[in-house]
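The block underneath contains the structure these notes are about, expressed in structure tokens.
The values are calculated or read from the model by the stated rules, or taken from the named source; none is laboratory data. Given the structure is predicted, the values throughout are model-derived calculations rather than measurements. Here the Cβ positions follow ideal geometry from the backbone for every residue, glycine too, while neighbour counts run over all protein chains shown. In case anyone asks, the SASA skips ligands and DNA or RNA and just uses the protein heavy atoms, side chains included. Shrake-Rupley method; radii C 1.70, N 1.55, O 1.52, S 1.80 Å.
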Amino acid sequence: MVTGASSGIGAAIARELGLAGANVSVNYSGHPEGASQVVQEITASGGRALAFKADVSQPSEVQAMFLAARDAFGTLDILVNNAGVQRDAPFLEMTLEQWNRVLEINLTGAFLCAQEAARKFVRRGICPERSCVAGKIIFVSSVHEVIPWAGHVNYAASKGGLMLLMKSIAQELGPLRIRVNSIAPGAIKTPINRPAWETPEAEAKLLGLVPVKRVGEAQDIAKAAVWLASEDASYVHGVTLFVDGGMTLYPAFALGG
Ligand code: BGC
């Protein structure tokens, strides 16, 4: 199950998991066309996928989606908690609506889906032919789980919250044989941050924050997600894997300090 999989990073993760042999539940909320395109691409490459509509911040929709996915595919092994939004505004002007929406989707939505998945993993237990654990949860966080971000305090607060949500869940669910981790993307070319890379001027400015001097692609994150979900990562638990071209290395200090 990949949430927010109708575009951007979620869509790339869904495709890559499909290529790796997973049956993919493609969750979407506002963009059915994006979701059906992802489903078609996975199917065309020989995989199995279905689209499921749910607003991840709504408990009843989340429950119904997990039930429908279980009915379709029989069971659940991997949750990628990717759905996320930005509603940017200077702090002095940010509305409660902007604050709430971002926290509801990015943090409460991740909580609801993780809980639903974990309950299913615990109920079913380990299937040794597929994995040495009962299930895997991957949060798609952000470099802004550690980098403060003026003008985006709702978003940064949601991602900072995700960091300790992930680690606390990992501490609690490790003994139940559920593997929990995060990926923290840096600047990745997706619709969420189009203004930051779509003109050469904007891209040049953005690259000042990226030591490897390349804006990331959704595929960079998708490859990391497939590895983290695989048995090759079976001893990786409770960590955030930064896939950010070095954005968290305080690049400005290369020039002074
Ligand atoms: C945000 C993007 C931003 C990137 C790096 C991501 O989490 O969604 O808008 O470009 O962090 O700042």
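Among the residues of segment 86-96, is any within 24 Å of Ala22 (Cβ to Cβ) and among the small types (Gly, Ala, Ser)? I'd like the intermediate steps shown before the answer.
Start the filter on segment 86-96 by keeping residues that are within 24 Å of Ala22 (Cβ to Cβ), which leaves none.
The answer is no, given that none of the residues of segment 86-96 is within 24 Å of Ala22 (Cβ to Cβ) and among the small types (Gly, Ala, Ser).
Determine which member of the set Gly238, Gly257 is under 24 Å from Gly4 (Cα atoms) and in a loop (DSSP other than H, G, I, E, B).
Details: Gly257 fails: under 24 Å from Gly4 (Cα atoms).
When all the criteria are applied, what remains is Gly238.
Test Ile221 against the stated conditions and say whether it is of a type in the set (Val, Ile, Thr), within 13 Å of the ligand (Cβ to nearest atom), modelled with pLDDT under 95 and closer than 21 Å to Ser6 by Cβ.
no
For Leu209, work out the one condition from (1) open to solvent by less than 50 Å² (accessible area, probe 1.4 Å); (2) at pLDDT 95 or above; (3) within 11 Å of the ligand (Cβ to nearest atom) it doesn't fulfil.
Of everything listed in (1) open to solvent by less than 50 Å² (accessible area, probe 1.4 Å); (2) at pLDDT 95 or above; (3) within 11 Å of the ligand (Cβ to nearest atom), Leu209 misses just condition (1).
Among the residues of segment 15-38, write down those that are open to solvent by 20 Å² or more (accessible area, probe 1.4 Å) and within 21 Å of Pro191 (Cβ to Cβ). Break it down stepwise before answering.
Looking only at segment 15-38, we keep the residues that are open to solvent by 20 Å² or more (accessible area, probe 1.4 Å), and these are 15-16, 19-23, 28-33, 36-37.
Arg15, Glu16, Tyr28, Ser29, Gly30, His31, Pro32, Glu33, Ser36, Gln37 - these are the residues of segment 15-38 that are open to solvent by 20 Å² or more (accessible area, probe 1.4 Å) and within 21 Å of Pro191 (Cβ to Cβ).
List the residue pairs whose Cβ atoms are under 6 Å apart, where the first residue sits in segment 194-220 and is in a helix (DSSP H, G or I), the second is more than 13 Å from the ligand (Cβ to nearest atom), and the two are 6 or more positions apart or on different chains.
Qualifying pairs under 6 Å: Leu207/Lys213; Ala218/Ala12; Gln219/Ala12.
Among the residues of segment 101-122, is any in contact with a Lys or Arg (Cβ under 6 Å, 6 or more places away or on another chain) and either within 22 Å of Glu61 (Cβ to Cβ) or among the aromatic types (Phe, Trp, Tyr) (or both)?
Of segment 101-122, the ones in contact with a Lys or Arg (Cβ under 6 Å, 6 or more places away or on another chain) are 101-102.
Next cut, either within 22 Å of Glu61 (Cβ to Cβ) or among the aromatic types (Phe, Trp, Tyr) (or both) only: 101-102.
Scanning segment 101-122, I find at least one residue that is in contact with a Lys or Arg (Cβ under 6 Å, 6 or more places away or on another chain) and either within 22 Å of Glu61 (Cβ to Cβ) or among the aromatic types (Phe, Trp, Tyr) (or both), so the answer is yes.
Can you tell me which residues in segment 172-189 are over 13 Å from the mean Cα position of the chain (by Cα), open to solvent by less than 20 Å² (accessible area, probe 1.4 Å) and either within 12 Å of the ligand (Cβ to nearest atom) or closer than 18 Å to Ala156 by Cα (or both)?
Ala187
Could you count how many residues in segment 4-14 are surrounded by 24 or more Cβ atoms within 10 Å (Cβ to Cβ) and either at pLDDT below 95 or assigned to a loop (DSSP other than H, G, I, E, B) (or both)?
First, the residues of segment 4-14 that are surrounded by 24 or more Cβ atoms within 10 Å (Cβ to Cβ): 4-6, 9-14.
Among the residues that remain, those that are also either at pLDDT below 95 or assigned to a loop (DSSP other than H, G, I, E, B) (or both) are: 4-6.
Qualifying residue count, segment 4-14: 3.
Output the number of residues of segment 210-257 satisfying the condition of being in contact with a Leu (Cβ under 8 Å, 6 or more places away or on another chain) and not small (Gly, Ala, Ser).
10
So, of the residues in segment 124-143 that are outside any loop (DSSP other than H, G, I, E, B) and crowded, with 18+ Cβ neighbours inside 10 Å, which turns out to be nearest to the ligand (Cβ to nearest atom)?
Applying the filter and picking the extreme gives Val143.
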